[in-house]
Structure formats: structure tokens, C-alpha cells
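S.K.: The structure under discussion is supplied below as C-alpha cells; questions concerning it will follow.
Since every read-out is calculated from the coordinates, none of them should be taken as a lab result. It should be emphasised that the depicted structure is a prediction, and the values quoted were computed from it without experimental measurement. As a convention, Cβ positions derive from the backbone with ideal geometry for all residues, glycine included, and neighbour counts pool all protein chains shown.
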Amino acid sequence: RFKEKGQLLLEAATAYFHNYLLNAPEAAPVRLYLKERGRNDEVIKKFRLGFAPDSWDAITKWAESNGYNKELLLATGLAITNANDQNRYYDRFRNRLIFPICNENDRVVGFSARTLEPHPKSAKYVNSPDSDFFHKGKILYGLNFARKSLRETGYALICEGQMDVIACHQAGIVQAMAAQGTAFTEEHATLLKRSINKVRLSFDGDAAGMKATLRTICLLYEAGLDVSVVSLPDGEDPDSIFRIGGAKALRQIMSSSTDAVQFVFFHACAKYDKTTPIGKKDIVSDTLDVIASIQDAIIRTAQCQWLAGELQLPEEIVTQALASRIAAREKEKESLQLKLNILQF
């Protein structure tokens, strides 16, 4: 009964935030911000975007007046207790653009709130805490909409942020989704595996985005998924491309992707000189990092053959290096498991 009531509170709060964004005079700058970002009314309503009043207790007073108590407000993450007085509590989300977060079954489980201040004193994003309702490592933002189109499109598109996902959906790329408030996890990969076998990554074209791309490739390969990567211009993301070039430009860039192993190889070639022995070693090392994550032995072997051909190396050398890499990983896993067993004992 408690969880059912909490679910009702989350849905009601979503409607509250959404109506406040659409109608409150105080939300006019936020409506202008969304318009300047190219967001139309249709996509704002589809994702039920909202705005939290600039108040310490607007949400708590509204909720209590509608029969929701303190325990529910704290359990759903809408309120937070005072650090110096546990009996006092206040609104978690204040003066922020609100993104309701839905699970794959289209039920609101939490919120992500973005400040629009140019130089905020607090975090740019505030998210619902992990709770009985919300588990950020298991939620993909936009999956509730995307899952309906996965069979038709044949692949899932993973972006980095909510605005990227919304831009893609507005451009008609409705298979877009993103990890919510955390790095991509094994749970996310397992969640995708239930619906689709092919995944396309489209992270920001900067150093942090590249790091996230490499890490996510390995997680997806380990889950047995087929992975490719969309190459974005340096410093750009799907949202910025949509704002600058519109839906057509975004669809054009998203329409093609590179096999993940080849993407990593070409990225390594840009860092190292493949005409030198040291450069070849470093390129092989970077590329084998992702090939080692591939679960299918035939695909792993084929990728090694391709890599050897590109660098004009004997296949056996690359294959042996891969075998050593996999063996080292297994040994590392066994060592870690042994340590965990000792700790649990």
C-alpha cells in the first residue's frame, strides 16, 4: 500500500511540475529557454517536462494538502531532511527544469532536475536518490518510448544526456535513450539485451565522451551485443547538432555508424604512429582492450584477423596477444573473487 501511494505521489508530482512549467508566470524564462533550444510543445508534453518553483516548501505543502505525508515525500526523494534537524524537511527540487524519469513500463520512478543559472553555486543536475522506487543503475531515460520502435529500427541508440535523447525524438529518431544520472552499467546492458541485439553509441565528441564510449563498448560487448559508434564532431553532441542544423542534420549524422572495434582502431591511429613498431604496439593494445570483451570466439577471431591485416602483422601474433589479454583478465577476476570470498568469510 505504501509503495502504491508513493507511485501515485510521483505521478501527481509529475503533473504538478508539468502544469507549473506550462502555465505559471514564474516559469516564462524556462519556456523561453526550451523554445531557444528548439523544443516544441509536442516533445515537451511527450516527455512531460516540468519546472520546480523557486521555493523551499512549495512541493511539500502541495503534497501534504493532497494527503501525502512526510514519509512518502522522503521515500520518493521529493523532500530531503535538514542535516541539523531530522524532523525538518524541505523540497529537494527548487527552481529547476524537471525531467520525469520513467521505467520501461512507462511509470514515473524519479526525477532529474537541471539548473538554468549560468554560474550555479550548486550542482548542475540534482537527481532523485536511489530508493525503493528509483534505481539509477537500472534506468534508461527514454526507453519507455524507444522500446516500441526497437524492432522496427533494429537497434538502440544510446546518448549521453536527457537533452540529447529529447532532441533525437523530436527529430524522429525515436530509438534514442540514455543512462540516467550515472555511467552506463552492466544492468543497463542486460536491460537492452531483453529488447535488442544491436546498439549504436552517440556520446559527446570530447575527451570525456570518448572515455565513456570506450568503457560502454566493453560493457555492451560483454553482454553479447553488437556495437557500433556514431562519430560526432569534436565538442558537439546530438542536442547541439539539432539546435544548429535542425532535425535533418541530426538524422543525417545519426544515420551512419562505424563498427566499434574499427572506431577504437581509427581513434588509436590518430593518437599513435602506425608506421613505427611502438605505435603499432600501442594501437594493438588499445584495440585488443575492446576485442577481449567480445563474447563470441568467431567474432573475436575475425576482428583479430582484420586488425592484423590493417597493421600488416602476422595473425598469430595478434591472436596470441589477445589470448594473453583474456587470460590476464580471468586471473584478475579470480583474484578479486577470492578477496571478496575472504572478506565475506
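S.K.: Given the options Gly246, Gly161, Gly67, which has the most mean-square fluctuation in a GNM of the chain, springs set between C-alpha atoms less than 10 angstrom apart?
M.R.: Result for the chain, Cα springs under 10 Å: Gly67 fluctuates most.
S.K.: Convex hull volume of the Cα atoms in the stretch 151-235, per residue, in Å³?
M.R.: 86
S.K.: Please compute, for the alpha-carbon atoms of the stretch 217-345, the extent along each of the three principal axes and give them in descending order in Å.
M.R.: Its Cα atoms span 56, 44, 26 Å along the three principal axes.
S.K.: Could you go through the stretch 217-228 in sequence order and give the Karplus-derived ³J(HN,Hα) for each residue, using 6.51 cos²θ - 1.76 cosθ + 1.60 with θ = phi - 60°, rounded to whole Hz, and x for Gly and Pro?
M.R.: Ordered by residue, 3J(HN,Hα) equals 3, 4, 4, 5, 4, 5, 7, x, 9, 8, 10, 9 Hz.
S.K.: Please work out whether the stretch 135-198 counts as rounded, prolate or oblate from its C-alpha gyration tensor, where a ≥ b ≥ c are the square roots of the eigenvalues and a/c under 1.5 means rounded, while otherwise a/b larger than b/c means prolate and anything else oblate?
M.R.: Here the stretch 135-198 falls in the oblate category.
S.K.: Also: Can you list residues from other chains, or at least 5 along the same chain, whose modelled amide H is less than 5 Å from the amide H of Val109?
M.R.: Excluding prolines and chain starts, which carry no amide H, the hits are Ile101, Cys102, Asn103.
S.K.: Oh, and also: Per residue of the chain, what 222 nm ellipticity follows from adding -39500 (n - 2.57) for every DSSP H run with n ≥ 4, rounded to the nearest 500?
M.R.: -16500 deg cm²/dmol
S.K.: In addition: When the Cα centres of the stretch 300-332 and the stretch 201-279 are compared, how far apart do they sit, in Å?
M.R.: For the stretch 300-332 versus the stretch 201-279, the Cα centre distance is 22 Å.
S.K.: Name the residues whose placed amide hydrogens come within less than 5 Å of the amide hydrogen of Ser231, ignoring near sequence neighbours (fewer than 5 apart) on the same chain.
M.R.: The answer is Thr258.
S.K.: Let me ask another. For the pairs Lys45/Lys148; Lys198/Lys271; Lys121/Lys211; Lys211/Lys281; Lys35/Lys193; Lys193/Lys281, note any where the Cα-Cα span goes beyond 24 Å.
M.R.: With Cα atoms farther than 24 Å apart: Lys198/Lys271; Lys121/Lys211; Lys35/Lys193; Lys193/Lys281.
S.K.: Using the Karplus curve 6.51 cos²θ - 1.76 cosθ + 1.60 with θ = phi - 60°, what ³J(HN,Hα) values do you get for each residue of the stretch 107-121, in whole Hz, with x for Gly and Pro?
M.R.: My calculation for the stretch 107-121 gives 9, 5, 10, x, 9, 10, 10, 10, 6, 9, 5, x, 10, x, 7 Hz in order.
S.K.: Tell me, what ³J(HN,Hα) does each residue in the stretch 244-253 have, in order and in whole Hz, if you take phi through Karplus 6.51 cos²θ - 1.76 cosθ + 1.60 with θ = phi - 60° and put x for Gly and Pro?
M.R.: Result, ordered by residue: 7, x, x, 4, 4, 5, 5, 4, 5, 5 Hz.
S.K.: Give the separation of the Cα centroids, the stretch 1-26 to the stretch 144-170, in Å.
M.R.: Centre-to-centre distance over Cα atoms comes out at 24 Å.
S.K.: Under a crude label model (7 Å from the Cα following the beta-carbon direction), how far is Lys61 from Glu186 in nanometres?
M.R.: Reported label-point gap for Lys61 and Glu186 is 4.8 nm.
S.K.: Considering just Cα atoms, how many Å³ per residue does the convex hull of the stretch 68-110 enclose?
M.R.: 86
S.K.: In addition: If you average the sequence gap of Cα pairs under 8 Å that are 6 or more apart and divide by the length of the chain, what percent do you get for the contact order?
M.R.: 10
S.K.: Suppose every Lys and Arg Cβ carries +1 and every Asp and Glu Cβ carries -1, with no other charges. What dipole size does the chain come out with about its Cα centre, to the nearest 20 debye?
M.R.: That gives the chain a dipole magnitude of about 660 debye.
S.K.: Now a separate question. Starting from one equal scatterer on each C-alpha and no solvent at all, send me the Debye-based log10 I(q)/I(0) for the chain at q = 0.07, 0.08, 0.10, 0.14 Å⁻¹, two decimals.
M.R.: Log-scaled intensity ratios, in q order: -0.37, -0.47, -0.70, -1.14.
S.K.: Counting other C-beta atoms within 10 Å, and keeping those with at most 12, which DSSP coil trypsin sites (Lys or Arg not before Pro) do you find in the stretch 160-251?
M.R.: Arg194
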